[in-house]
Amino acid sequence: MWSNIRKNIAATLALFILVPAIGFAQKAGDLRGCVTFITNGQPVHGAVVLVVGTSHVALTDEDGNFEITSIPTGTYELIAQREHLSATRQSVNIGPGATIDVSFALDFSTVHEELTVTATAGGQITAFEAFNSVTTLDAFELVANPQSTLGDVLQNEPGVAKRSFGPGSSRPIIRGFDGDRVLILEDGVRTGDLSSQSGDHGITIDPNGLERVEIVRGPATLLYGSNAVGGVVNAITPHERYREAFTPGTRGQYSVDAGSADRQMGTNVSLQHAWEKTVLWAGGGTRRTDDYGTPQGVVENSATKLSSRRAGLGYFGDRFFASGGFTMDDGRYGIPFAGKFHHHGEDHHGHDDHDDEDDHEDEVNVDLKSRRRVQRFDLGMRNLNNAAIDGVRVVFNVLDWQHNEIEIEDGMETLGTAFSNQTFITRAEINQQRLGPLSGKFGLWTQSRDYVAVGEEALAPATDQRSLAAFAYEELDFGRYRLQFGGRVEHNDYTIAEHADEHHDEDDHGDDHGDDLHHDEPRDRSFLGGSASVGFRANLGADTAFVTNLTHSHRAPALEELYNFGAHVGNLIFEVGDTNLRAETTLGVDTSLRYRGSRARASFNAYTYSIDGFVFASIEDDHIVDGLRVGEFLQADSRFTGIDAEASLRLGDRIWANVGLGAVNATVTTTDESLPRISPLRGRFSLDLPYQSFTFSPEIILAAAQERVFRDETRTAGYATANLQASYMWAKPHMAHVVSVTAYNLTDQLYRNHTSFIKDLAPEIGRGFRVGYSVRFF
């Protein structure tokens, strides 16, 4: 393994020798100016100034000034904003050797430009310009409604739902895709956890300490991996901004929040100090919730705890940059009702097959205790200003994830299963210089993963996974029309550890449980496949765009789909993997119609994905082993079809009405069966009512009944919940205060989340409120 890693490092370091010698200097110009508040003309410190469609971005200094140099000649649009303080776009023409002066005046707006670095061929772009459907939540939106998990933060965004086995295991579902088909990133790199593997595994990222969260819907296999068929969620930390634009000074944030229905309490702090060309950053936080309350009472053993720390040091010169940092996350949360399945027979509808009042099921709890350690090193070159290459960046990530599933009975803790997942990732990418209409990036990605599980739910043998990919993503800009095309070739090897077969046969599932099931011995597997896409974007007017993408993607089966065998409480089935599974191939079409005007904004997206050899757990209703239904991983052709849309309409001077909608129909085409845990039609309607520095936002969340269910999966009734959020933002040149109060489920509605593993046992959270305070200084 280390031999391969050394080879990858040597190959990527060679880029720094070769890249500066490529090409020759390209004609360019400079941009400079200032950013002020529209109300009083005071300078704005820490505002982002972006040259749309390029890697050129700057942060304003203490006097509100900025400068961007070496911009290739051409016509560009400029954006300036600091969270919800934004300005109208400006268009500039950069000539050879010219210096252009511009100025921006920022005003508060609840509807503003959404920026993304996740779905782009070059630097930052806006969601309106992107080929993929993108939604972003900035720091203001995250702290104004503080949540404990990424799943809770994103669950009401169009096309997004929440999978959970209680609050601690919450994870996003995108367009009906769950698990291994939705990729979670932190600053553009995989998180290294096992949240995709099981319904009771969670993500140890505190959203309240993030700078931004980006949701990229639809296939993103070209840039990030073959298992991103459903989409990507990228959690961006505060210090990541210095990689885009260096500004001397001190930036930071402190936030604190509390809630009622789950006794939520949390605090987070981050600090970045830059001098000359050096940046030092540090941060961390703690968060806890108690067992949450519902209209039917408290859900026992649903409490959560999370603590996080991060620090690092970086050098960001005009050309060369390098940084290193570490992250430490520790969490613990309860898995409600898991003790019932561990210790007692259960019929396949989720109800007890006995009512013995003397049993001790209420005395048995199951907790999951996790530990994540990340060491990250970045180095690269930027603003190279030669004919071919704009910059190169190499990321080395060492991730160590461990978690223990702990059984608690009569106050005594017993280790049930211990998981270890160590991952080494190298990602090298080269940003091309804009050559006429052509821009893009290409690169290499490697992953070395060592997976080991020991205990009663050690369903798969110890496995080494080795992955290697090469990718390219290109765009052609012809003004009114743009084309996107690219490809990715990815190779995945699974190697079973020595003596794995003996261990797999002698695990703790019971002496003869599942003996009547056919299960091939685990064996090494290797998968090689390619993905490709082509997209077309047309400006139908100054404010309207049409986008369509055709994608062919390849996904290797996940480790658990190949090798799991045994009672898996986390997914409520006795899992039977298939070591002979072949790779999935997906043919997808995404179409989007977007409008961006001064009084209205809208995005309507329709999609269909035809998947050859879709892998899913086919459940046998009448076959019960260890109190759980048997679920064999099989393959069948499937189709996902749906829409997600959002729109905002300006009703008055500053009043906006907002609506969001998401619907998906996912079926096995050969049998016309619905696939399991597919979210129903869901919508959101809200108003933003500003008054001076206050904003009041009443909101209604609607969900239709889910009648299309898998096998004997229970149907879920529709519901409507009402929320109210009030926030106060006090913005100063070097500081911004945000105070928020959110009242949720005002009517104490009894409702159930169809994509929850325990929806038949526990409803969602009842009436409550959250309060939060955050201060950001620049």
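The values are calculated or read from the model by the stated rules, or taken from the named source; none is laboratory data. Note that the structure is a prediction, hence the values are computed from the model and not measured. All Cβ positions, even for glycine, are placed from backbone atoms using ideal geometry, and neighbour counts span all protein chains on display. We work out accessible area using only protein heavy atoms, side chains counted, and drop any ligands, DNA or RNA first. Shrake-Rupley method; radii C 1.70, N 1.55, O 1.52, S 1.80 Å.
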**Request:** Decide, for the range 76-145, between rounded, prolate and oblate: order the square roots of the alpha carbon gyration tensor eigenvalues as a ≥ b ≥ c, take rounded if a/c falls under 1.5, and otherwise choose prolate if a/b is larger than b/c, else oblate.
**Result:** oblate
**Message:** For the range 669-712, what are Rg and Dmax over the alpha carbons, in angstrom?
**Reply:** 18.2, 58
**Message:** I need the trypsin sites (Lys or Arg not before Pro) found in the range 672-769, filtered to DSSP loop residues with at most 16 other beta carbons within 10 Å of theirs.
**Reply:** ARG708, ARG711, ARG715
**Prompt:** Kirkwood hydrodynamic radius of the range 174-308 from all distinct Cα pairs, in Å?
**Reply:** 17.1 Å
**Complete:** Note on the range 529-664: C-alpha Rg/Rh, Kirkwood Rh, two decimals, gives 1.17
**Complete:** Cβ-Cβ cut-off under 9 Å around LEU649, Lys and Arg +1, Asp and Glu -1: the net charge is +3
**Asked** ILE406 accessible area, nearest 10 Å², 1.4 Å probe?
**Response** 20 Å²
**the range 681-778 - Rg and Dmax from Cα coordinates, angstrom** = 17.9, 59
**Fill in**
Taking only protein heavy atoms and a 1.4 Å probe, the highest-to-lowest accessible-area order of HIS273, HIS201 is HIS273, HIS201
**Complete:** For P(r) over Cα pairs in 10 Å bins from 0, in percent, with candidates (1) 3, 14, 25, 27, 20, 9, 3, 0, 0; (2) 2, 10, 15, 15, 13, 12, 9, 7, 6, 4, 3, 2, 1, 0, 0; (3) 2, 11, 18, 23, 23, 15, 6, 2, 0, 0, the value calculated from the shown model is option (1)
**Message:** Just to confirm, what accessible area per residue do you get for the chain at 1.4 Å probe, in whole Å²?
**Reply:** 37 Å²
**Message:** In whole percent, and with a 1.4 Å probe on the protein chains, what portion of the accessible area of the chain is carbon and sulfur?
**Reply:** 55 percent
**Prompt:** If MET735, MET381, MET265, MET729 are ordered by their accessible area, calculated over protein heavy atoms with a 1.4 Å probe, which sequence runs from highest to lowest?
**Reply:** MET265, MET735, MET381, MET729
**Asked** Looking at the range 384-455, what % of the alpha carbon pairs are farther apart than 18 Å?
**Response** 62 percent
**Message:** Could you report the accessible area of HIS554 in Å², rounded to 10, computed with a 1.4 Å probe on the protein chains as they sit in the structure?
**Reply:** 20 Å²
**Request:** Evaluate the charge dipole of the range 569-670 about its Cα centre and quote only its size in Debye, nearest 20, assuming +1 on the Cβ of each Lys and Arg and -1 on the Cβ of each Asp and Glu.
**Result:** 1160 debye
**Two-site label geometry, ARG89 and PHE694: point separation in nm, points 7 Å out along Cα→Cβ** = 3.5 nm
**Message:** Let's see if you can work this out: charge +1 on each Lys and Arg Cβ, -1 on each Asp and Glu Cβ, no other charges. What is the dipole magnitude of the chain about its Cα centre, in debye to the nearest 20?
**Reply:** 5760 debye
**Item:** Solvent accessible area, Å² - LEU379, 1.4 Å probe, full protein context
**Value:** 30 Å²
**Item:** the range 705-775-the range 67-89 distance, computed between alpha-carbon centres (Å)
**Value:** 36 Å
**Prompt:** How big is the charge dipole of the range 707-778 about its Cα centre, in debye rounded to the nearest 20, if each Lys and Arg gets +1 on its Cβ and each Asp and Glu gets -1 on its Cβ?
**Reply:** 300 debye
**Item:** Angle between the chain longest axis and helix 2-18 axis [Cα atoms, degrees, rounded to 10]
**Value:** 10 degrees
**Item:** Normalised contact order of the range 22-159, rounded percent, pairs of Cα under 8 Å and 6 or more residues apart
**Value:** 24 percent
**Prompt:** Over what distance in Å are the Cα centres of the range 616-638 and the range 455-498 separated?
**Reply:** 28 Å
**Message:** Just want the answer: with Cβ charges of +1 for Lys and Arg and -1 for Asp and Glu, which residue in SER756, GLN272, VAL153 is farthest toward the dipole's positive end in the chain?
**Reply:** GLN272
**Fill in**
Accessible-area order for TRP275, TRP281, largest to smallest, probe 1.4 angstrom, reads TRP275, TRP281
**Request:** Would you please state the base-10 log of I(q)/I(0) at q = 0.14, 0.19 1/Å for the range 731-778, with intensities from the Debye formula using one equal scatterer on every alpha carbon?
**Result:** -0.56, -0.70
**Message:** How many angstrom lie between the Cα centre of the range 553-586 and the Cα centre of the range 285-301?
**Reply:** 32 Å
**Percentage, to the nearest whole number, of Cα pairs in the range 591-701 over 17 Å apart** = 68 percent
